[in-house]
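The values are calculated or read from the model by the stated rules, or taken from the named source; none is laboratory data. Values in this document were obtained by computation on a predicted structure and should not be read as measured data. FYI the Cβ positions are ideal-geometry reconstructions off the backbone, even for glycines, and counts take in every protein chain you see.
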Amino acid sequence: MKNFTLIIVVVMGLMVLGANAQTQLYGTCQFGGISNRGTIFAADTNGSNFHNVHLMTGIGDSPIGGMVQANNGLLYGVSYYINCYDTCIIFSFDPSTGTYNRLHYFLDQSLQGAYPTSGMILGSDGNLYGLCSNYGANGNGTIYRFNPTTNIYTDIFDFENASGSFPNGTLVQLNNGKLYGMTNLGGTNNRGVIFKFDPISYQYDTLASFNYWNGANPIYGSLLMASNNLLYGMASDGGYDQYTGSGGGVFFSLDTSTNQITDLHHFWSNDGCFPSGSLIQVNDSLLYGMATHVCLNNPDSGDFGVIFNYNILTNTYTVVHMFDSVNGSSPQRSLFNGGNGKLYGTTTNGGANNVGVAFSFDIVTNTYTKLIDFNDSTTGAKPNCDFVEATVITTGFKSITNTPTITLFPNPATTSITLHSQLTINNSLLTIEDVLGNKIYQQTISGNDTQIDISTWSEGVYFYEVIGANETTRGKFVKE
């Protein structure tokens, strides 16, 4: 039982709206819930009022890693259920309507990649990009593209061992448009590599190979471009401890102008060890991250972990919190910097039920607060997540729900839509707005069916409202 992830829900370009918007936390549990296939849930931004918004029940469910929001307003994620024995998928979830759909089955096309262990990112071109940790043409994993408009999956690069293999983390896109990431194995020393990939030309370059001293075998994390124009990351193994001769992971930087890795801190002992997530930057000088264990010179003796910060101006590493079994232990993913200035995260173990907690951390006072104890039956178990705030835009409408008497089809649509009413409409006002609140269409309608030509409209999400004498119906559709 593992893997709970939270995602920020922000429709690109909508933050200028002065319309109805609700900010919440959204997340997934890989297991737990009614069918032990996980849940999608929401919570208030202060960490209260956790509640399920979707229960996973079918083949291919059990989400893993982070979700991401595409330009159509939907959340997208991947699943990985016990080695994908009953397949793993790409799914979408609509935070406005609660609609869940399975879109791509990895094992049905395993030569194009399978076994995703982390979520996707939204590229600057509007497509989603992710990594498969296995399969593909060479059996070493893939980089893939998923088009949220057409739901088309494309394998755009197949890893082979010499230049890196078995990626488990997430990608990051820099201002140059290139995608950067890490692999768990492969490269010169078979300890993993840092790579760059051009999603336009499909050019792949190995920038650096891990050699154990500078790190080895990164797992879930992504790279972070800090304000000093260096990439920072963590490797889950490698480094060196003078007392044991072994390593518990490395905190490193990469200069993209020289492709030089610099090992900045070797994890071990009560400094924490075996980091598996990503770093975040909270101000000009401080990066924050977590390590999964506290090793105490024995990698099997500690299962608690730490929160730490690293000052990139003074190159100083400081532990600011040590986890324990009561308040949570073994964080697997990353911290999130909330809008209120606090950091949020989860642990996979510990808490009242020993199945993980969600927490906040105040960087001003170094105060740690447990927000919720997870459990199997309702909220899920073993959270393995990135905690982020979410804003759901509903424009000027107070609800985005259909009534049983009025439906709109097809949805998504390309050339036209039909509004169908089970009861005859008499002189009702139909209004359609785009996500910015601009009125696109308005007319008085009567009868049972109203067809509207949308062939020249821009792609995206639209909201409709039908106001009659006795009821008002609101809903939304997607133009592809």
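A few comments on the model shown:
- Within segment 256-288, being part of a loop (DSSP other than H, G, I, E, B), more than 15 Å from residue 192 (Cβ to Cβ) and not polar (S, T, N, Q) holds for 267, 268, 272, 277, 279, 282, 284.
- Output for segment 409-432, where each listed residue is at pLDDT below 80 and small (Gly, Ala, Ser): 421
- From the options 227, 253, residue that is in a loop (DSSP other than H, G, I, E, B) and in the same structural domain as residue 306 (by TED's automatic domain parsing): 227
- Some residue of segment 109-120 being at pLDDT below 90, assigned by TED's automatic domain parsing to the domain that holds residue 191 and more than 20 Å from the chain's Cα centre (by Cα): yes
- Checking every residue in segment 198-210 against the condition of being of a type in the set (A, V, I, L, M), within 16 Å of residue 129 (Cα to Cα) and surrounded by fewer than 23 Cβ atoms within 10 Å (Cβ to Cβ) gives at least one match.
- Count - residues of segment 363-408 that are part of a loop (DSSP other than H, G, I, E, B), modelled with pLDDT of 75 or more and over 19 Å from the mean Cα position of the chain (by Cα): 8
- Qualifying positions in segment 119-153 - touching a residue at least 40 places away in the same chain (Cβ under 8 Å) and assigned to a strand (DSSP E or B): 121, 122, 128, 129, 130, 131, 140, 143, 145, 146, 153
- Residue that is nearest to residue 73 (Cα to Cα) [pool: residues in segment 447-462 that are surrounded by fewer than 17 Cβ atoms within 10 Å (Cβ to Cβ) and modelled with pLDDT of 85 or more]: 458
- Flag if residue 318 is part of a strand (DSSP E or B) and free of Cβ contacts under 8 Å to residues at least 24 places away in the same chain: yes
- Residue that is surrounded by the fewest Cβ atoms within 10 Å (Cβ to Cβ) [pool: residues in segment 147-169 that are modelled with pLDDT of 95 or more and among the β-branched types (Val, Ile, Thr)]: 150
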